[in-house]
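The values are calculated or read from the model by the stated rules, or taken from the named source; none is laboratory data. Fair warning: this is a prediction, and the values are worked out from it, not measured in the lab. So basically every Cβ, Gly included, is an ideal-geometry build from the backbone, and we count neighbours across all protein chains shown.
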Amino acid sequence: MRLRNVAVMMMVWLCSAVAAPAWSDVTLPSIPDVEVIDQDGIAHRFYKDLVKGNIVVINFMYTTCNTSCPAATGLLSGVYHRVRATDQPVTLLSVTVDPVHDRPSRLKAYAAQFGAGKGWRFLTGTPADVARILASLQVFASNKADHPAIVVIGNEAAGTWTRLYGEASVPMVMERLDAAVGRPDPIPSDVAQ
């Protein structure tokens, strides 16, 4: 039953084209170089190892969410498979807003539900370090259930950053990703999602 609900939410999210772009073509505030741990239990420095010099797509989720998180992660799944089909050098980062409960084993199980593989990291850390990441990316919520649906797309080397609020679609994210990469021609829409 849960898998069916996830599938329905993913389809609604992926088919929706109601997203408000903002924060386009501005320099992102300083991203902290705090330690994060991925779904495989491997420690990374958030800025130095995962963001610096890379093209990234970042979303925010937590594994016990039954509302927007499965849809938002489904969106990234669609983006992930499009990017992998074209062998683009893009890193996807899903940052939990519930680092107390979302430890690596839980993130690994969650990631598997969405077909995550090489190039897509699900991240946790100490509550203080995760809070620093969220604040640097301007993701604010009084509690985890109220976190906004935001996708941050950046090309750190070029200093190009944008974000999409709300119900973005795979084509919308890919269009912003193409702009961040500096690619004049978007990834063809016939590439399987």
Criterion violated by P148 - all others in (1) buried (at least 16 other Cβ atoms within 10 Å of the Cβ); (2) out of contact with any Pro (no Cβ under 6 Å at 6 or more places or on another chain) satisfied | (1)
Would you be able to say whether some residue in the stretch 83-103 is more than 15 Å from the chain's Cα centre (by Cα), of a type in the set (S, T, N, Q) and modelled with pLDDT of 95 or more?
-> no
Answer with yes or no whether A149 is over 13 Å from the mean Cα position of the chain (by Cα) and of a type in the set (G, A, S).
-> no
How many residues of the stretch 101-129 are in contact with a strand residue (DSSP E or B) (Cβ under 7 Å, 6 or more places away or on another chain) and part of a helix (DSSP H, G or I)? The answer is 5
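Kindly evaluate S68 against the criterion of being closer than 22 Å to P171 by Cα and either at pLDDT 90 or above or out of contact with any Gly (no Cβ under 9 Å at 6 or more places or on another chain) (or both).
Taking the combined requirement at face value, the residue satisfies it.
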The stretch 48-64, residues that are surrounded by fewer than 20 Cβ atoms within 10 Å (Cβ to Cβ) and not β-branched (V, I, T) | K48, D49, K52, G53, N54
Pick out the one residue from L123, L93, L75, L107 that is without any contact (Cβ under 8 Å) to a residue 60 or more places away in the chain and of a type in the set (A, V, I, L, M).
-> L93
Could you grab me the full set of residues in the stretch 136-174 that are under 17 Å from V95 (Cα atoms) and assigned to a helix (DSSP H, G or I)?
-> S136, K144, A145, D146
